[in-house]
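Each value in this text was obtained by applying a stated rule to the coordinates, not by laboratory testing. The shown structure was predicted, so the numbers you read here are calculated from the model rather than taken from an experiment. As a convention, Cβ positions derive from the backbone with ideal geometry for all residues, glycine included, and neighbour counts pool all protein chains shown.
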Amino acid sequence: EAVEEGKLSQECKELLLSLPKEKGWRTSHLYKYQGFWCQSREIESTVSFQRHFQARDTNVGLATVPKSGTTWLKALAFAIASHERFQIFSNNHPLLKFNPHDLVPFFEYKIYANDQLSDLSNLPQPRLFGTHIPFASLPSSIKKSSCWLVYICRNPFDTFISSWHFINKIKPRSQAPMPLEEAFEMYCKGVIGFGPFWEHMLGYWKESRDRPHKVLFLKYEDMKKDITFQLKKLAEFLGFPFSVEEERGGVIEKIAKLCSFENMKDLEVNKSGTSIKNFENKNLFRKGEVGDWINYLSPRQVEQLTKVM
Ligand code: A3P
């Protein structure tokens, strides 16, 4: 991380000096920026995003806590928003050849990463973006515009286990794996990328209550239980409702299948490719289940996290 921090802009290095810091999960430190724990590079790109992004009313932002179903939500929203351009039944559908993170870029890891500005003028309409940045830190142009935001929330028990597995998989082999107990204590204190998770969820949840036609709050577990219903809801919210003919023709089921964990995990691009920050796509697909935490947490840990929640 020392190398990474060396590459930061002078302005960002100075900002970091003024922020509280804690030991990180993967990088040596997490810094508390605007109330949330972030890696140094994430702070640099968030500042740039806050300064430069000009929202359009037709933009769609997909927001999540890491490991709560970001990849899935990106795939579903892309399939819905592009279903007139790309036939869902086609063998050439982009979701068969690209990872969802390549089709729906992250503000903080792609567009505003490395202190660079990407040209957004060629992105097809509606422009779809992903982010882990909490609601409070979104640029004012997003808050003032009437672009849509979709949030996906997942049971913190599962999000914790998913994060712990993921971090240990992407850590360089030269670093020791992070013990579950240590990660758990940090998680309960809110010290995890874009944590505390409860503040993150509350920020978007409150906004979805105040502006329900502009902020949709979805739950991973509801989507696992009834994807057809949730997909219809998402499509209507985004302004792409399915016609009766499309429904009869099985479009909803086809999108659900195309974006399903089982299908995506086995695609060549997701078995061997890399997308965000050169991480291997295969690590984005683990089990895709609800309730796997039961296999890892002790009764004491369950009680402790329940109290936090
Ligand atoms: P598990 O580690 O519990 O399996 P994110 O996309 O935000 O990084 O979240 C990753 C989690 O979502 C992982 O959870 C991953 O397996 C699961 N996931 C990935 N693609 C999915 C899909 N198409 N449907 C359901 N879950 C999916």
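At-a-glance table
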| item | result |
| --- | --- |
| Failed item, numbered, when residue 50 is tested on (1) under 27 Å from residue 168 (Cβ atoms); (2) in a helix (DSSP H, G or I); (3) touching a Pro at 6+ places or on another chain (Cβ under 6 Å) | (1) |
| Residue match in the stretch 37-51 (condition: surrounded by fewer than 16 Cβ atoms within 10 Å (Cβ to Cβ) and in contact with a helix residue (DSSP H, G or I) (Cβ under 9 Å, 6 or more places away or on another chain)) | no |
| Search result, residues across the stretch 66-86 that are of a type in the set (Ser, Thr, Tyr) and over 18 Å from residue 200 (Cβ atoms) | 82 |
| Failed criterion for residue 235 (all others in (1) without any contact (Cβ under 8 Å) to a residue 60 or more places away in the chain; (2) surrounded by 19 or more Cβ atoms within 10 Å (Cβ to Cβ); (3) small (Gly, Ala, Ser) hold) | (1) |
| Count of the stretch 56-76 residues which are within 16 Å of the ligand (Cβ to nearest atom) and at negative phi | 14 |
| Candidate set: the stretch 77-94, residues that are in a helix (DSSP H, G or I) and either among the small types (Gly, Ala, Ser) or within 28 Å of residue 41 (Cβ to Cβ) (or both); chosen: the one farthest from the ligand (Cβ to nearest atom) | 81 |
| Identity of the residue in the stretch 38-55, of a type in the set (A, V, I, L, M, F, W, C) and under 28 Å from residue 7 (Cβ atoms), that ends up nearest to the ligand (Cβ to nearest atom) | 38 |
| Scope the stretch 97-123; condition in a loop (DSSP other than H, G, I, E, B) and within 29 Å of residue 222 (Cβ to Cβ); matching residues | 98, 99, 104, 105 |
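One line per residue, one yes/no per condition, for (1) under 28 Å from residue 236 (Cβ atoms); (2) part of a helix (DSSP H, G or I); (3) hydrophobic (A, V, I, L, M, F, W, C):
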{"residue": "130", "(1), (2), (3)": "yes, no, no"}
{"residue": "142", "(1), (2), (3)": "yes, yes, yes"}
{"residue": "152", "(1), (2), (3)": "yes, no, yes"}
{"residue": "165", "(1), (2), (3)": "no, yes, no"}
{"residue": "169", "(1), (2), (3)": "no, yes, no"}
